[in-house]
1. Counting only complete DSSP H runs, which helices of the chain cover 18 Å or more along their long axis at the Cα atoms and score a mean Kyte-Doolittle of 0.0 or above?
2. Please give the calculated 222 nm ellipticity per residue for the chain, where each DSSP H segment of at least 4 residues contributes -39500 (n - 2.57) and the sum is spread over every residue; nearest 500 deg cm²/dmol?
3. Once phi is turned into θ = phi - 60°, what whole-Hz ³J(HN,Hα) does the Karplus curve with 6.51, -1.76 and 1.60 give for every residue of region 152-162, x standing for Gly and Pro?
4. Among the listed pairs 96/198; 100/198; 100/208; 100/159; 159/198; 70/160, which are separated by more than 27 Å between their Cα atoms?
5. Between region 143-185 and region 83-98, what is the separation of their alpha carbon centroids in Å?
6. Rg (Å, one decimal) plus Dmax (Å, integer) for the alpha carbons of region 42-213?
7. Take 208, 70, 112 and order them by how many other Cβ atoms sit within 10 Å, fewest up front.
8. Ranking 32, 138 by Cβ neighbours within 10 Å, fewest first, what do you get?
Amino acid sequence: MNKFLLLVVAVLAGVGVYQLVKYLKGRRGRAMEDISELVSVELEEYGPELALLESTGLPFFVDGRSGFGKFLLRFPEEDGAKSYFFDYACLLGSGKAQLKKQSTVALFDFEKSAFPDFHLAAVGDAPDEANGLEPADMTAFAGLPPGVKLYGRDQAALKKLFTPEIAACFGEHPGWSAQGSGRFLVMYKGCALVEPGKYRQFIAEANKLAFNLA
């Protein structure tokens, strides 16, 4: 095979990979459009605004670089809370240690609530996201799923927030991680995008846990 044919094959292969990536991205977009119709909320291709994410002060949004949200479902205010469901991606680390983090998340803005700084970390959640927080004595939080870790600045405030009833609620819905600070709360299930077929369940569980916490 001559050099010209090799070049043509390489170009065609590159085009094929590009088209595959474009198709996969488009497939999620189409699936999210279906979900937006099911939940009667308009789908925004990008968002929330970076200024909003940074204003939360939550390590999940401020510790990374080049963060952005995509496929946003911005729900109407309910019981004094605004909620945003979207895919979020950012870069962590640098050089050879750099990695891309992406998750489907639920962000809540409770205008009349004030969460203590905390991080509830499900099994396998990145420990460096407990940025500056002290680990809690997990024996005081019976009912939380096995392997879960809780971090905060005020241990008494953590006990007041994570009552036995709240702990039991998380125990019924394992796999969730959460960070709270002031009026903001973000919830997610691992570093992964939620499958379209499980998205409505994701919304229902996030709302249940978040409104119980608030």
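1. Span-like helices here: 3-38.
2. Computed mean residue ellipticity for the chain: -11500 deg cm²/dmol.
3. Karplus values, whole Hz, x for Gly and Pro: x, 9, 10, 5, 5, 5, 5, 5, 5, 7, 8.
4. Values: 96/198 34 Å; 100/198 23 Å; 100/208 29 Å; 100/159 34 Å; 159/198 31 Å; 70/160 34 Å.
Violating the 27 Å Cα-Cα cut-off are 96/198; 100/208; 100/159; 159/198; 70/160.
5. Centre-to-centre distance over Cα atoms comes out at 23 Å.
6. 15.3, 46
7. Ordered by Cβ neighbours within 10 Å, fewest first: 112, 208, 70.
8. Values: 32 22, 138 13.
If I rank by nearby Cβ atoms, fewest first, I get 138, 32.
None of the figures in this text is laboratory data; all of them are computed from the coordinates on show. Values in this document were obtained by computation on a predicted structure and should not be read as measured data. Please note: Cβ atoms are built from the backbone with ideal geometry, for glycine as well, and neighbour counts cover all protein chains shown.
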